[in-house]
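The values are calculated or read from the model by the stated rules, or taken from the named source; none is laboratory data. On a predicted model such as this, the values are computed, not experimentally measured, just so you know. Heads up, the Cβs are rebuilt from the backbone with ideal geometry, glycines too, and the neighbour counts pull from every protein chain shown. Accessible surface areas use protein heavy atoms only, side chains included; no ligands, DNA or RNA. Shrake-Rupley method; radii C 1.70, N 1.55, O 1.52, S 1.80 Å.
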Amino acid sequence: MVLEVTFPTGEKTDAGINVRPYALSCLREVSKYFQVVVFTASHKAYADVVLDYLDPDKDLIDRRLYRDSCVKTEEGVYIKDLRIIKNRKMKDIVII
């Protein structure tokens with residue numbers, strides 16, 4: 001699948017994505033029982049296009065966290081630090 005991404009600068013690009021087999025059925029099933037939060041190191045502009053494709057009615061994914069929620073190391077690597085999630089205990093969080 002190729003999706004068009006428009007960045008805040010107005011620049012547009014095509015992004016190719018592959019959706020893993022059973023990813024959507026898995027997302028539909030887990031969203032029945034759990035709060036689904038996507039935490040990505042991607043730019044918001046790109047991530048929203050992909051997540052809107054996966055969840056067009058916005059009823060599967062409860063919250064989205066992007067690169068601006070990550071910690072950037074000295075080497076320029078973005079790390080997802082789950083300590084930013086203040087309203088949940090770590091023992092209640094599952095990363096997939």
Can you tell me the accessible area per residue over the range 11-73, all protein chains present, probe 1.4 angstrom, in square angstrom?
70 Å²
Cα-based shape type of the chain, given that a ≥ b ≥ c are square roots of the gyration tensor eigenvalues and the cut on a/c is 1.5:
oblate
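When a/c is below 1.5 the answer is rounded, else prolate if a/b is larger than b/c, else oblate, so apply that to the range 42-96 with a ≥ b ≥ c taken from the square roots of the Cα gyration tensor eigenvalues.
Verdict is oblate for the range 42-96.
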For 19-29, 82-92, ranked highest to lowest by mean beta-carbon neighbours within 10 Å, the order is 19-29, 82-92
Mean separation of Cα pairs under 8 Å and 6+ residues apart, divided by the residue count of the range 24-77: what relative contact order is that in percent?
45 percent
Using a cut-off of under 19 Å, list every residue of the range 33-50 whose amide N is near the label point 7 Å from the Cα of Val77 along the Cα-to-beta-carbon line.
39-43
For the chain, what is the percent of antiparallel DSSP beta bridges, rounded to the nearest 5?
70 percent
Listed peptides 51-57, 72-78 by packing density, highest first (mean Cβ within 10 Å):
51-57, 72-78
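Given a 1.4 Å probe and every protein chain left where it sits, what share in percent of the accessible area of the range 27-92 is carbon and sulfur?
Values: 2470 of 4900 Å².
About 50 percent, which is the carbon plus sulfur part of the accessible surface.
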Could you calculate the FRET efficiency of Ile85 with Leu54 from 1/(1 + (r/R0)^6), where r is the beta carbon distance between them and R0 is 25 Å, rounded to 0.05?
0.75
Please state the relative contact order of the chain as a whole percent: Cα pairs under 8 Å, 6+ residues apart?
23 percent
Span from the the range 1-46 Cα centroid across to the the range 65-96 one, whole angstrom:
18 Å
